[in-house]
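For reference, the structure discussed in these notes is given below.
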Amino acid sequence: MAVLRPAGDFDRSYQQDMSILRKPWHLLVTVLAIGVLYLTPFLNSAYITFTLNRIAYTVIALQGLNFLTGFTGQISLGQAGFMLVGGYASALVSTYWGLPIWLAIPFAALATGGVGLLFGLPSLRVKGFYLAMATLAAQFIIPWLTRQPFLADYLGGTKGFIDVPTATIFGVSLGEQSQFVYLSVTVMLIMTVLANNISRTRLGRAFVAIRDNDLAAELLGVNLFSYKLRAFFIAAVFAGVAGALRAHSQRAVGTELGYNLVESVLFLGMLVIGGLGTNLGPYLGGIFVILVSDFALWFGPRLAEIFPSNAAALQSSFRPIFFGMVLVLFLIFEPRGMAHRWTLIKAAWRLRPFAR
Amino acid sequence: MSSDPTILSVENVSLSFGGNAAISNVSFDVRQGEIRAIIGPNGAGKTSMLNCCSGFYRPQKGRILYKGNGLDQDVTKIPPHNIASLGIARTFQNIALYTGLSTLDNLMAARHIHMKQTMLDSMLFWGRALREEVEHREFIEEIIDFLEIAHIRKAVVGALPYGLRKRVELGRALALEPKLLLLDEPMAGMNVEEKEDMARFILDIHERRGVTIVLIEHDMGLVMDISDRVVVLDFGVKIGDGTPDDIKSNEKVIHAYLGQE
Ligand SMILES: Nc1ncnc2c1ncn2[C@@H]1O[C@H](COP(=O)(O)OP(=O)(O)OP(=O)(O)O)[C@@H](O)[C@H]1O
Ligand SMILES: [Mg+2]
């Protein structure tokens, strides 16, 4: 989308043109931003570290869903279900095999990727709405399985959760939210690099080709089934990593803690708000929705104090109504997502003072 | 190249849609290195014919042998995603670009079959993936220069004007490095200047790159000018086949075109 660049801003090689941090100052800003993330625990704010952890695993789950839905155009209603698989996988190998967290997360990623492949199989035959139904099946079957009595010893059965051991890295415990931030931010950065690489190479182009014109893509040599399966696999791998992070940061995993259809739908909503099929979308959408919903959660009781006669109603309904309204307004005024707005702002800045 | 002068041999092909015959028992051949035109009134079955040749439609009867690799490969039996690697590329009557991608990425996407990087290479983007992306970018840039679309290199193609989109689509077909290029009305809906540009590109591709071309076109003057041989279809039946001069004097063809008015 970088159609216009100011005069004098040119690349000396194709490699430079392809790279994301094209200039020294790009690198500087990135390093500073990352530095700030790693320093947040010193702010001593429980809310900030807790939120940063939530943002990290949400962004990763969104990045995965973005490949399936945003890039490849296959709507999925199962991302939260896949996260549950990742959470359990990581918890079980930590508990029973004693795997350290840096091995448990990749294991969870691959295990979830395998489950994703399985639920991607219907994409051979069905498209669009019908495929969404198939992913819905994942969203029902996986949580249902975790509550089955015959797996209760391992997955918690009707209790709906199991405890997850504290993660340790190099012997340092990450039991506190403020300690866990280091891990979740690191993993989020790694996944971001992977996601960016996918989107600018052969794999990512094949995904978008399928989304924009599957018949043309096929005649240009893209094996539709194989690449849709890859999209399912990658979406599930990211969900697996996200689930593992979530399980270890919450120190528990199971259907009692969510991972339900509402979450899966919310993920789609976040992605639409942030910008489907963009690399920035998962960040913008995830952060925005989490902060807005936290605000609503905080503001509802405040309002209840001001209007005591309606206190009960405000307590229970303010958050969903406010939140729903923000989403609707967003869809009306920014249907292409925040990432699109960001590119417009960047373009306007480059064209200053000729454009407003 | 191979001693057989035929690159594509269409043999007794019939195609129907739920009882409506779109093509009835049509045979013709395409010789290595020629420009072969397919003409005919609207609804004659030209696009359907091209769709069969590119593996997009499966005819109920007949076969289409592709000989570009020194073998007899029956296009009607090969999965669509393997057609490109035979050396067959095409453009579409209604432009079928990847609208959300830039010009550059549309062309790069067509390098898919020529790239070897795996899923893991793509994720890590070093070594093979990085090398390949640069190499293929160089290849693509040559096509971009040739088609004079450097100024829209990074523009999202969905927003481009019609004439340019047609040109990008031609570029995407070229990026496959085809031996046989199937063009469905590449000049339809263009003004005279754009048509001249397009004709020049097609002739250049034919001469400089030695690509065999099958062309559907309604502009008779242009067809007679640039093609070596012409097939004429009418209501799914072949009514003429020969050099432009043969076709001009073919009674059936004259009748089909005049009878249309
Ligand atoms: N997918 C399809 N389903 C049903 N009928 C079809 C389909 N494709 C083509 N046809 C029919 O087959 C016949 C030939 O159509 P085709 O598109 O091949 O004609 P054409 O020669 O390319 O015409 P034009 O010059 O208008 O592009 C038409 O009667 C058309 O309605
Ligand atoms: Mg046609």
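Working only within region B:205-228, note down all residues that are touching a residue at least 40 places away in the same chain (Cβ under 8 Å), within 16 Å of ligand 1 (Cβ to nearest atom) and part of a helix (DSSP H, G or I).
B:220, B:223
Assess whether residue B:70 counts as being at pLDDT 95 or above, more than 15 Å from ligand 1 (Cβ to nearest atom) and at positive phi. When the stated conditions are applied, residue B:70 does not pass them. If you go through region A:154-168 and keep only what is out of contact with any strand residue (DSSP E or B) (no Cβ under 9 Å at 6 or more places or on another chain) and either among the hydrophobic types (A, V, I, L, M, F, W, C) or within 17 Å of residue A:244 (Cβ to Cβ) (or both), you end up with A:165, A:168. Annotation note: of B:222, B:181, B:176, the sole residue that is buried (at least 18 other Cβ atoms within 10 Å of the Cβ) and touching a Leu at 6+ places or on another chain (Cβ under 7 Å) is B:176. Report, by residue number, each residue of region A:211-232 that is crowded, with 24+ Cβ neighbours inside 10 Å, more than 15 Å from the chain's Cα centre (by Cα) and more than 7 Å from every other protein chain (Cβ to nearest Cβ). Scanning region A:211-232 gives A:217, A:228.
Scanning region B:58-65 for residues that are more than 29 Å from residue B:160 (Cα to Cα) and within 14 Å of chain A (Cβ to nearest Cβ) turns up at least one hit. Which one is farthest from residue B:56 (Cα to Cα) among residues in region B:67-81 that are out of contact with any Ser or Thr (no Cβ under 9 Å at 6 or more places or on another chain) and surrounded by fewer than 17 Cβ atoms within 10 Å (Cβ to Cβ)? Among those residues, the one meeting the criterion is B:71.
Out of B:78, B:64, B:39, B:95, one residue alone is farther than 30 Å from residue B:138 by Cα and within 15 Å of ligand 2 (Cβ to nearest atom). It is B:39. Filtering region B:23-55 to residues that are within 14 Å of chain A (Cβ to nearest Cβ) and either within 7 Å of ligand 1 (Cβ to nearest atom) or of a type in the set (Val, Ile, Thr) (or both) leaves only B:47. Criterion applied to A:253, A:237 was being touching a residue at least 60 places away in the same chain (Cβ under 8 Å) and within 14 Å of chain B (Cβ to nearest Cβ), and the one residue passing it is A:237. Of all residues in region B:76-85, which are in a helix (DSSP H, G or I), without any contact (Cβ under 8 Å) to a residue 24 or more places away in the chain and more than 9 Å from chain A (Cβ to nearest Cβ)? Once the filter is applied, which keeps residues that are in a helix (DSSP H, G or I), without any contact (Cβ under 8 Å) to a residue 24 or more places away in the chain and more than 9 Å from chain A (Cβ to nearest Cβ), region B:76-85 yields only B:77. Given the conditions (1) facing chain A (nearest Cβ under 8 Å); (2) in a loop (DSSP other than H, G, I, E, B), and given that residue B:93 satisfies all but one, which numbered condition is not satisfied? So the condition that residue B:93 fails would be (1). Filtering region A:138-165 to residues that are modelled with pLDDT of 90 or more and in a loop (DSSP other than H, G, I, E, B) leaves A:147, A:148, A:161, A:164, A:165. Of the helices (runs of 4 or more DSSP H) lying entirely inside region A:1-106, those containing at least 1 residues that are buried (at least 21 other Cβ atoms within 10 Å of the Cβ) and out of contact with any Ser or Thr (no Cβ under 6 Å at 6 or more places or on another chain) are A:46-65, A:79-96.
Exactly one residue among B:194, B:185 is out of contact with any Ser or Thr (no Cβ under 6 Å at 6 or more places or on another chain) and under 23 Å from residue A:221 (Cα atoms), and that residue is B:185.
The one condition from (1) facing chain A (nearest Cβ under 9 Å); (2) in a loop (DSSP other than H, G, I, E, B) that residue B:177 does not meet is (1). The set of residues in region A:182-210 that are farther than 19 Å from residue A:229 by Cβ, surrounded by 23 or more Cβ atoms within 10 Å (Cβ to Cβ) and either touching a Lys or Arg at 6+ places or on another chain (Cβ under 6 Å) or of a type in the set (A, V, I, L, M) (or both) comprises A:188, A:191. Residues of region B:107-120 that are in a helix (DSSP H, G or I) and facing another protein chain (nearest Cβ under 8 Å): B:108, B:109, B:112, B:113, B:119.
For residue B:104, the conditions (1) facing another protein chain (nearest Cβ under 9 Å); (2) under 24 Å from residue A:192 (Cα atoms); (3) surrounded by 20 or more Cβ atoms within 10 Å (Cβ to Cβ); (4) not hydroxyl-bearing (Ser, Thr, Tyr) all hold with the exception of (1).
The values are calculated or read from the model by the stated rules, or taken from the named source; none is laboratory data. This one's a predicted model, so the numbers in the text were calculated from it and none came from an experiment. FYI the Cβ positions are ideal-geometry reconstructions off the backbone, even for glycines, and counts take in every protein chain you see.
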